[in-house]
Structures are given as C-alpha cells and as structure tokens.
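Here the structure comes first, spelled out in structure tokens, and everything after it is commentary.
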Amino acid sequence: MSWIEEVEVSEADGNLAEIYAQLKKQRGKVSNILKVHSLNPAALGNHLDLYMTLMFGRSGLSRMEREAIAVVVSANNECEYCVNHHTESLRHYIEDEEILTMLATADGLETLEPRLSNVVRHAEKLTSAPGAMTESDLGELRAVGLSDKDILDLTLIVGYFNFVNRIAMGLGVDFSADELSGYHNE
C-alpha cells in the first residue's frame with residue numbers, strides 16, 4: 001500500500017483492468033510499485049514498457065548485473081522497497097549471502113569480481129555524485145568489456161531506478177514478505 005489512493009485489482013476497469021490482467025498473467029501478481037500508478041494507467045503502461053526494455057531487453061549486461069545495479073542504486077537512495085524487491089530477484093543469480101549483503105548495503109563493492117565491481121561502483125557514483133562523472137569513468141567500464149551500448153544500458157538502468165526509488169519513497173510504497181516473492185518470470 002501507499003500514502004495515496006490506489007485502484008485495487010478487483011475494482012479496476014478499462015485500460016487499467018487490461019494492464020492488471022496482463023501483469024497477473026505474466027508475473028502472477030501486481031506489485032505495489034505498479035499499483036501506486038493506478039490513478040494514471042497511461043503512465044503505468046509507459047513505466048512497464050521502460051522497465052521491461054531495460055531489465056529484460058537485449059543487452060550485453062546480464063540479468064544478474066541489471067539486478068545488482070537496481071540494488072546498489074536503491075541502497076544508495078535508501079529505498080527499502082526496491083532494495084528488498086530486487087535483492088529477492090538477485091537471489092536467482094547469486095547464492096552467496098556475503099555478496100548479496102555487499103550489494104544491498106552498497107558496501108565493499110570494490111572487492112567484487114572486477115566487471116561487477118566496476119559496473120556497480122559506476123552506478124553508485126552516477127547516483128550519488130552525477131556532477132562528478134567524467135569521460136574517464138567510461139574507460140573503466142570499457143576495460144572490463146562493456147561496449148558503448150552496454151554503457152548506455154547501464155546509464156539508463158541507473159536513471160530508471162533513481163526515478164522509481166523516488167516514486168516508492170515519495171508515495172510511501174510499502175512491501176510485505178508475500179509481495180516480495182512468488183513472481184513468475186523474475
């Protein structure tokens with residue numbers, strides 16, 4: 001739930017009902033971060049399109065790397081909702097609790113394997129100090145094998161999670177253990 005009115009799945013009609021039905025079919029349920037958009041179904045549809053493109057579209061970034069970016073950006077923004085949601089997804093790719101904790105706290109990132117370390121430290125810097133970014137930051141990413149398309153994808157994912165973190169925190173989007181788990185196609 002959140003601090004604003006939301007349309008429940010059982011009460012939705014029109015375009016919103018169609019979006020909710022598609023989400024339930026694809027993912028098994030409607031997450032709270034999406035339900036908070038229910039008063040503006042057009043924005044919800046556009047949000048979903050962007051999310052699916054960035055997190056599941058063709059990219060040189062692995063699904064694990066994309067989820068790790070989501071977690072580190074969200075940790076830097078202190079967005080408990082997104083840290084928990086995407087750490088749960090990251091468990092599908094990383095079983096090491098120490099690494100999951102490093103990512104969820106954005107602490108010790110320099111000790112991760114080089115490619116992942118450079119990716120998430122870049123995401124952290126772009127989130128916490130965007131004005132300090134320089135062209136040389138991209139050289140570090142290229143050195144671990146990222147193409148310019150991968151760097152663009154990384155930047156878009158960082159921007160997306162900064163956007164979503166502000167929606168979650170600005171509208172008081174909450175989560176429960178039930179909401180965090182049990183999605184299809186995570």
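Any read-out appearing in this document is the output of simple, stated calculations on the displayed coordinates, not a laboratory observation. Every value quoted in this text rests on a predicted model; they were computed, and no experiment measured them. Heads up, the Cβs are rebuilt from the backbone with ideal geometry, glycines too, and the neighbour counts pull from every protein chain shown.
Points to keep in mind about this one:
- Residues of the range 111-160 satisfying the condition of being under 19 Å from C82 (Cβ atoms) and of a type in the set (S, T, N, Q): T127, S128, T155
- So M52, is it out of contact with any strand residue (DSSP E or B) (no Cβ under 7 Å at 6 or more places or on another chain), surrounded by fewer than 17 Cβ atoms within 10 Å (Cβ to Cβ), over 23 Å from G145 (Cβ atoms) and hydrophobic (A, V, I, L, M, F, W, C): yes
- Being over 25 Å from D148 (Cα atoms), surrounded by fewer than 13 Cβ atoms within 10 Å (Cβ to Cβ) and touching a helix residue (DSSP H, G or I) at 6+ places or on another chain (Cβ under 9 Å) is a description that applies to E8.
- Hits in the range 139-172 (condition: hydroxyl-bearing (S, T, Y) and part of a helix (DSSP H, G or I)): T155, Y160
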